[in-house]
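Beneath this line is the structure, given in C-alpha cells, with notes to follow.
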Amino acid sequence: MSEPPVFYYVYYRVAAARARAARRAIRAVLGSIEQRTGVAGRLLRRQDEPLLWMEVYENVRDPLGFEKALDALLDEYGFGSLLASGSQRKIERFVAPD
C-alpha cells in the first residue's frame, strides 16, 4: 500500500521593508517548484496581519523529493534573508486520516 499524499502548510513573517522582494521571490519559487515537481503551490496572507504569509502545497506524493527541491529553491532565491527578524519558516505536514 502506498503512503497517503502529504499536505504542506508553511507559515512565516516577512520583513516589512523586504515584502516586495519576498513576493517576487516566492512567486518565482512557486513557479519553479511546480515545474520541478508538478506540485502547484499557493501563497496566502493572514487577513489581519499582512506580513504573516502561508504557502500551501497539496497532494504531494514524493515528500522527500519535494522538500529537497523546495529547500534548494529557497536557498537559490535567498528567501531566508527576506524574513522578519527572529522569524523562520514553520512547516506543518498533514495527511488524510485512515
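No lab work stands behind these numbers, since they all come straight from the coordinates. Just so it is clear, the model here is predicted, and its values are computed rather than measured. Cβ coordinates were reconstructed from backbone atoms using ideal geometry, including for glycine residues, and neighbour counts include every protein chain displayed.
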Next on the checklist: Loop by DSSP (not H, G, I, E, B), at most 16 other beta-carbon atoms within 10 Å: where is the longest site-free stretch of the chain for trypsin sites (Lys or Arg not before Pro)?
Outcome noted: 1-60
Next on the checklist: Could you compute Rg(Cα) / (2.2 N^0.38 Å) for the chain, with N its residue count?
Outcome noted: 1.09
Checklist outcome for this item: Within the range 23-38, the residues whose backbone N lies under 14 Å from a label point placed 7 Å from the Cα of Gln88 along the Cα-to-Cβ direction are none
Item to check | Angle between the chain longest axis and helix 63-76 axis [Cα atoms, degrees, rounded to 10] | outcome: 20
Item to check | Dipole moment magnitude, nearest 20 debye, the range 29-89 about Cα centre, only Lys, Arg, Asp, Glu C-beta charged | outcome: 60
Checklist entry - Put +1 on the Cβ of every Lys and Arg and -1 on every Asp and Glu Cβ in the chain; which of Gly38, Gly86, Ala17 then has its Cα farthest towards the positive end of the dipole? => result Ala17
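Where does the chain land at 222 nm, in deg cm²/dmol rounded to the nearest 500, when only DSSP H runs of n ≥ 4 count, each adding -39500 (n - 2.57), divided by all residues?
Working: 2 runs with 33 residues, N = 98.
It comes out at -11000 deg cm²/dmol, rounded to the nearest 500.
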